[in-house]
Amino acid sequence: MRPPELVCPAGTPAAMRTAVEAGADAVYCGFQNATNARNFPGLNFTPGELERAIRHAHENGTKVLLAINTFPPAGKVDLWRDAVDLGARLGVDAYIVADIGVADYIARNHPDIRLHLSVQAAASSPEAIKWYCREFGVKRVVLPRILTVSEIKAIAREIPCEIETFIFGNHGLMVEGRCSLTNYITGQSTNYDGVCSPAADVEYRRDEEGNLSTRLGDFTIDCFSCNETAGYPTICKGRYLTPARNEGYYAFEEPISLNLSSLLPDLMAAGVNALKIEGRQRSRAYVKNVVSSFRKAVDAIMAGEEPPLADLIALTEGQKQTEGAFKSKTWR
Amino acid sequence: MEPVTPYPPTDDNARARTFLPAPPLPLFLLQPVLRRIVTRIASQNPDMFNRLGPHKSANFIIDVTSLPFVLHLRPDPEDLLFRAVARSRKPEADAEIRGGFLDLLGLVDGDADGDALFFSRDLTITGNTEAVVCLRNALDDVDGSIAQSVADMFGPPGRAMLSALRRASARKKS
């Protein structure tokens, strides 16, 4: 069994150095604009920062993957093409893309740089993945978080490229790259602008008793009682009132994080080539803890030992974790 | 000069209190220390202000629940402000960040994750969420530990204090 690549998030240069130190094989990051799906205020890299970060990563044997994983609206493709060209000049090791136009531009203009298909492309069938490989020379697909381990194993036998799966972090089961909930409420698009629940539209209100209500735009999307754990202010994790139910109801998903620590041996045996940790918006402390924990686990498995399972519950959304669809299709 | 009131009875961070000077404490004694701290951190990390974008001139209230006063921060490199204010005179601010002493220390020590503290309800933010997110990202992009830099300013006593607080924080987590 070949050791899988541990692919880790970096929202800032300091986070990237932390990931490299903690044992990342590859770090993924983005520019400070709409070309990536974590276009959050104060986050991401300027060209100068990325140039220095790539140098540091390469000196330490770590690859840098550039996320250009949003969809350029018609007439605005120059921003995406410029990001691609800039990434090539700075020496990125691979692009993570979702849009076929961006993939085509890279395949034509930078054929020597690896192309990874983002989870935002939502390619989950062998036919779809093979099409991307054939048309654009995709070398790796990041699978949506809707497949069981056995389904991943079956796909691995049929496709001509590497497989990357999420192992920790945000647990989104929406058809990724197609979610328009934020756009519906705020006018900003997750897929075009790279921002889900823009912070400028988020408001928290704490009452006298310590209850916390979360609002996005004009909509209240949850209210946490004083002793209740909270989740991200995203519509898909919101709890809503409906005449059909007596209490607030998670209509789409719950605030919960993915944690596949205990499924790592199965994933590796299934032929997964890269293990991805979500969380470019998270802190250096998160990166250090999560990356070092999974580094130890992967190394232990490769050495034929029982992997140590670190307690990462404190870092999970709502302080709850799940193996989601990876373990069973009956989840939710 | 304004003597401050004793610690609020709702203090949720008793461990931290044992390391802090007993009240009442005249706030004017704190102001030059706070000014020195923010000036030093700003001069050591000039790039951090870029992450604040349009929120450099925002006013933040940092409400350490175990302290009898609040902290008022304006991270504008041209007009830096970091001062203690009596709770009864809390100024209007763009955003407020509220948490226990050890939790907030963990954030500036590079040891705690702000999202995790939010999930556990140990950290509350109100007001301009975007300004808080920018401040969080600016502080998190500082290599090393801001808490350590501050401790170093006060020599061996400062470092001993930080070590004691880190031990208290570790005990709290366990």
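The values are calculated or read from the model by the stated rules, or taken from the named source; none is laboratory data. Nothing here was measured: the structure is a model prediction, and the numbers come from that model. Cβ: placed from backbone, ideal geometry, glycine included. Neighbour counts: every protein chain shown.
Quick check on A:VAL20: is it outside any loop (DSSP other than H, G, I, E, B) and either more than 25 Å from B:MET48 (Cα to Cα) or of a type in the set (D, E, K, R) (or both)?
For A:VAL20, the condition - outside any loop (DSSP other than H, G, I, E, B) and either more than 25 Å from B:MET48 (Cα to Cα) or of a type in the set (D, E, K, R) (or both) - is not met.
Which numbered condition trips up B:ILE125, out of (1) within 14 Å of chain A (Cβ to nearest Cβ); (2) in contact (Cβ under 8 Å) with a residue 24 or more places away in the chain; (3) surrounded by 21 or more Cβ atoms within 10 Å (Cβ to Cβ); (4) assigned to a helix (DSSP H, G or I)?
Among (1) within 14 Å of chain A (Cβ to nearest Cβ); (2) in contact (Cβ under 8 Å) with a residue 24 or more places away in the chain; (3) surrounded by 21 or more Cβ atoms within 10 Å (Cβ to Cβ); (4) assigned to a helix (DSSP H, G or I), the lone unmet condition for B:ILE125 is (4).
Checking A:GLU253 against (1) at pLDDT 90 or above; (2) surrounded by fewer than 21 Cβ atoms within 10 Å (Cβ to Cβ): exactly one of these is not met. Which one?
(1)
Can you name the condition, by its number, that A:PHE45 falls short on among (1) in contact with a Cys (Cβ under 9 Å, 6 or more places away or on another chain); (2) within 14 Å of chain B (Cβ to nearest Cβ); (3) surrounded by fewer than 20 Cβ atoms within 10 Å (Cβ to Cβ)?
Exception for A:PHE45: condition (3).
If you check A:ASP82, A:ASP99, which single one turns out to be surrounded by fewer than 24 Cβ atoms within 10 Å (Cβ to Cβ), closer than 26 Å to A:GLN188 by Cα and free of Cβ contacts under 8 Å to residues at least 12 places away in the same chain?
A:ASP82
Looking at the stretch A:11-38 only, could you name the residues that are within 12 Å of chain B (Cβ to nearest Cβ) and in contact with a Gly (Cβ under 7 Å, 6 or more places away or on another chain)?
Residue satisfying the conditions is A:ARG38 alone.
How many of the residues making up the stretch A:308-321 are in contact with a Lys or Arg (Cβ under 9 Å, 6 or more places away or on another chain) and either of a type in the set (A, V, I, L, M, F, W, C) or within 22 Å of A:ILE256 (Cβ to Cβ) (or both)?
Of the residues in that region, 6 qualify.
State all residues of the stretch B:1-53 that are among the polar types (S, T, N, Q), at pLDDT 80 or above and over 18 Å from the mean Cα position of the chain (by Cα); if no residue qualifies, say none.
Scanning the stretch B:1-53 gives a single hit, B:ASN50.
Which residue is farthest from A:TYR250 (Cα to Cα), if the candidates are limited to the stretch A:308-332 and must be within 14 Å of chain B (Cβ to nearest Cβ) and among the charged types (D, E, K, R)?
Filtering first and then ranking leaves A:ASP311.
Please find, among A:VAL272, A:VAL287, the residue that is out of contact with any helix residue (DSSP H, G or I) (no Cβ under 6 Å at 6 or more places or on another chain) and of a type in the set (Val, Ile, Thr).
A:VAL272
If you go through the stretch B:148-169 one residue at a time, do you hit one that is closer than 29 Å to A:SER197 by Cα, outside any loop (DSSP other than H, G, I, E, B), in contact (Cβ under 8 Å) with a residue 24 or more places away in the chain and of a type in the set (D, E, K, R)?
no
Name the one entry in B:LEU67, B:LEU117 that is under 17 Å from the mean Cα position of the chain (by Cα) and modelled with pLDDT of 95 or more.
Just one listed residue meets the conditions, B:LEU117.
Would you check if there is a residue in the stretch A:226-237 being touching a strand residue (DSSP E or B) at 6+ places or on another chain (Cβ under 6 Å), surrounded by fewer than 21 Cβ atoms within 10 Å (Cβ to Cβ) and either farther than 27 Å from A:SER125 by Cβ or modelled with pLDDT of 90 or more (or both)?
No, every residue in the stretch A:226-237 fails to be touching a strand residue (DSSP E or B) at 6+ places or on another chain (Cβ under 6 Å), surrounded by fewer than 21 Cβ atoms within 10 Å (Cβ to Cβ) and either farther than 27 Å from A:SER125 by Cβ or modelled with pLDDT of 90 or more (or both).
I need the full set of residues from the stretch A:237-258 which are within 13 Å of chain B (Cβ to nearest Cβ) and either of a type in the set (Asp, Glu) or in a loop (DSSP other than H, G, I, E, B) (or both), in order please.
Scanning the stretch A:237-258 gives A:GLU254, A:PRO255, A:ILE256.
Looking only at the stretch A:155-179, count every residue that is farther than 28 Å from A:PRO233 by Cα and either assigned to a strand (DSSP E or B) or out of contact with any helix residue (DSSP H, G or I) (no Cβ under 8 Å at 6 or more places or on another chain) (or both) and tell me the total.
Qualifying residue count for the region: 4.
Across the stretch A:194-212, what is the total count of residues that are modelled with pLDDT under 95 and outside any loop (DSSP other than H, G, I, E, B)?
Residues meeting the conditions: 3.
Go through the stretch A:23-35 and count every residue that is buried (at least 24 other Cβ atoms within 10 Å of the Cβ) and not in a loop (DSSP other than H, G, I, E, B).
3
Filter the stretch B:31-79 down to the residues that are among the basic types (Lys, Arg) and within 14 Å of chain A (Cβ to nearest Cβ), then identify the one that is farthest from B:ALA131 (Cα to Cα).
Filtering first and then ranking leaves B:ARG51.
Report yes if some residue within the stretch A:19-30 is more than 19 Å from the chain's Cα centre (by Cα) and hydrophobic (A, V, I, L, M, F, W, C); otherwise report no.
no
Looking only at residues that are of a type in the set (A, V, I, L, M) and modelled with pLDDT of 95 or more in the stretch A:294-309, which one is surrounded by the fewest Cβ atoms within 10 Å (Cβ to Cβ)?
A:ALA303
Across the stretch A:270-292, what is the total count of residues that are more than 14 Å from every other protein chain (Cβ to nearest Cβ) and surrounded by fewer than 23 Cβ atoms within 10 Å (Cβ to Cβ)?
Number satisfying all stated conditions: 4.
For the stretch A:60-93, give me the residue count where each residue is in a helix (DSSP H, G or I) and of a type in the set (A, V, I, L, M).
Adding up the residues that qualify gives 7.
Of all residues in the stretch A:215-236 being under 25 Å from the mean Cα position of the chain (by Cα) and without any contact (Cβ under 8 Å) to a residue 24 or more places away in the chain, which is nearest to the other protein chains (Cβ to nearest Cβ)?
My answer is A:ARG215.
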